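Below is one structure, written out as structure tokens; the observations come after it.
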Amino acid sequence: HTRAPHAATMTRAHVFVALALALAAVSPCAGSITKDNIVKDDRAIVLIARPFGFDPDGLIEISIKEPKVFLFENAPPADKTKLGFFITTSEAETQLQQYLADGGCVLDNPTVDKLFTFQDMENNRNEAGEYRYTNTIAPEKAGEYSLFFSNCEPNTVVSFDITVELSNKLPSGKKDFLSAGEKPLPTLYLVAFFCYLSAGITWVWCLWRARQATEGGVQSVHKIHFLMGVLIAFKCLTVLCQSGMYHLIRTRGDPEGWNIAYYFFTSMRGLFLFTVVVLIGTGWSFLKPFLNDREKKVLMVVIPLQVFANIATIVLDQSGPAIKGWFTWRDIFHLLDIICCCAILFPIVWSIKHLREAASTDGKKVRNMNKLILFRQFYVMVVAYIYFTRIVVYLLKSTAQYTLLWLSDAASELATLSFYCVTGWMFRPVVDNPYLHLEEDEMDRDDDGGVEMVSEGRNV
């Protein structure tokens with residue numbers, strides 16, 4: 001059960017590198033009161049609290065109960081000064097990698113701010129066996145910090161219950177549990193709610209007007225239009241819950257149930273977003289009232305993946321990064337999200353290929369060319385939306401000053417609102433929209449070059 005010193009050092013270095021890379025992909029913590037139960041953990045580095053932006057006079061409050069150190073058989077007594085907690089900035093993390101690789105203990109590195117050790121806890125616990133630590137951030141030390149636990153003592157495992165409260169100050173003097181870069185988020189998401197609500201009302205009005213203006217029995221409102229309306233409704237409720245959630249976190253440090261509503265509505269929003277994009281890409285209810293087997297398979301892949309991605313999101317938000325397996329769930333979420341984003345592009349590519357082949361058909365060349373152009377525009381728009389919200393927003397979050405992290409959320413919501421509005425305009429329910437023309441004698445080629453004909457809504 002013993003570890004060679006060199007092997008232990010390299011393990012610590014590799015773990016810290018992995019955590020440093022992971023932190024780059026982790027969003028700032030939505031709630032700054034975290035509770036974790038560490039049970040017989042032998043990790044060299046444990047991330048306790050995700051990055052939090054402190055203003056001058058920001059406050060760190062830590063409560064630890066039942067700290068225990070377990071030794072392997074025949075191991076020498078543990079030096080409890082080598083077990084402790086520290087905070088560090090993202091800039092200092094890169095400097096620590098080489099220090100760890102050289103065999104140093106991170107608690108002794110001058111680039112970190114050591115808070116306390118297990119030895120300090122042993123000498124300063126109250127009658128209930130609880131250790132409390134409070135630290136005020138000096139004005140010159142204001143910035144974004146992550147809280148870590150470090151175990152520099154070989155052949156030991158530790159257990160403890162920890163509660164961490166990270167806060168700034170409101171103008172009234174009360175605690176503000178939002179990170180410095182999250183302060184505008186309650187107002188931002190409330191504004192986003194009214195924007196999406198306006199878009200939803202406009203969409204409902206367009207549907208009502210189109211149904212009233214039906215000409216010659218030609219119906220311009222299709223089932224997909226109602227699904228698009230449901231998507232906007234769930235998006236409205238999602239951002240409303242986010243606004244309420246961040247407001248309660250600011251004042252009380254806990255979302256108090258708003259997070260449950262948020263999980264539900266954002267899950268439904270994700271399901272409907274990918275479903276609507278897939279259905280538009282296949283031309284369902286616009287060009288044809290059915291889905292072929294290949295298109296059904298895409299939906300059968302995307303919908304379960306979204307369900308698993310939503311479960312991963314809830315696990316990430318409900319448990320802190322100190323829990324073993326947290327980073328695994330985070331990686332699963334990112335992988336499923338990427339797979340879904342790639343999967344929804346296939347139906348659009350198939351439709352473009354079909355329309356390109358059909359464009360040479362006599363009597364329908366102009367119409368098919370119009371549809372081809374529209375599908376290409378939609379494809380480019382979907383790719384741009386995915387690229388912006390998955391890559392550009394991430395880069396903005398990673399490079400922005402810690403007090404301006406809210407700009408990444410604003411950019412994401414602006415991109416999403418623009419995507420919804422442009423998609424709605426392109427496929428709006430009007431009779432003269434080139435995408436909405438459907439004739440009973442219009443033919444659709446299937447995957448193997450055969451021909452499908454639409455007759456009374458069935459394949460023949």
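The values are calculated or read from the model by the stated rules, or taken from the named source; none is laboratory data. A quick note: this is a predicted structure, and the numbers were derived from the prediction, not measured. Every residue, glycine among them, receives a Cβ derived from its backbone with ideal geometry; neighbour counts consider all protein chains shown. All accessible areas refer to the heavy atoms of the entire protein, side chains included, with ligands and DNA or RNA removed. Shrake-Rupley method; radii C 1.70, N 1.55, O 1.52, S 1.80 Å.
Within region 105-128, the set of residues being out of contact with any helix residue (DSSP H, G or I) (no Cβ under 7 Å at 6 or more places or on another chain) and open to solvent by 50 Å² or more (accessible area, probe 1.4 Å) comprises D108, P110, D120, N123, N124, R125, N126, E127, A128. Applying the selection to region 66-105, what residues are closer than 21 Å to Y133 by Cβ and assigned to a strand (DSSP E or B)? E66, P67, K68, V69, L83, G84, F85, F86, I87, T88, listed by residue number. Here region 339-365 is the region considered, the condition is being at pLDDT below 70 and surrounded by 19 or more Cβ atoms within 10 Å (Cβ to Cβ), and the residue that is nearest to Y385 (Cα to Cα) is L355.
In region 283-297, the residue that is modelled with the lowest pLDDT out of those that are open to solvent by 50 Å² or more (accessible area, probe 1.4 Å) and more than 31 Å from the chain's Cα centre (by Cα) is P289. Being of a type in the set (D, E, K, R), within 30 Å of V39 (Cβ to Cβ) and in contact with a Ser or Thr (Cβ under 7 Å, 6 or more places away or on another chain) is the requirement here; does E144 meet it? The answer is yes for E144. Residues considered: I280, I249. Of these, the only one that is at pLDDT below 85, among the β-branched types (V, I, T), part of a helix (DSSP H, G or I) and crowded, with 21+ Cβ neighbours inside 10 Å is I280. One residue stands out in region 129-144 among those that are surrounded by 11 or more Cβ atoms within 10 Å (Cβ to Cβ) and of a type in the set (D, E): the one that is nearest to the chain's Cα centre (by Cα), namely E144. Within region 396-438, if we keep just the residues that are part of a helix (DSSP H, G or I) and of a type in the set (D, E, K, R), the residue that is modelled with the lowest pLDDT turns out to be K397.
When region 145-178 is filtered for residues that are open to solvent by 40 Å² or more (accessible area, probe 1.4 Å), touching a helix residue (DSSP H, G or I) at 6+ places or on another chain (Cβ under 9 Å) and not hydrophobic (A, V, I, L, M, F, W, C), the ones remaining, listed by number, are P154, K174, K175. Being under 21 Å from R390 (Cα atoms), modelled with pLDDT under 75 and within 23 Å of the chain's Cα centre (by Cα) is a property that holds for I314. One residue alone among L100, L170, L115 is under 27 Å from V39 (Cβ atoms) and touching a strand residue (DSSP E or B) at 6+ places or on another chain (Cβ under 7 Å), and that residue is L115. Just to verify a result, which residue in region 66-104, among those that are surrounded by fewer than 16 Cβ atoms within 10 Å (Cβ to Cβ) and charged (D, E, K, R), is farthest from the chain's Cα centre (by Cα)? The residue in question is E73. Among what's in region 208-228 and is open to solvent by less than 20 Å² (accessible area, probe 1.4 Å) and under 21 Å from G281 (Cβ atoms), pick the residue that is modelled with the lowest pLDDT. Here the answer is S220.
Taken over region 414-428, residues that are among the aromatic types (F, W, Y), within 17 Å of I201 (Cβ to Cβ) and either open to solvent by less than 20 Å² (accessible area, probe 1.4 Å) or touching a residue at least 40 places away in the same chain (Cβ under 8 Å) (or both) amount to 1.
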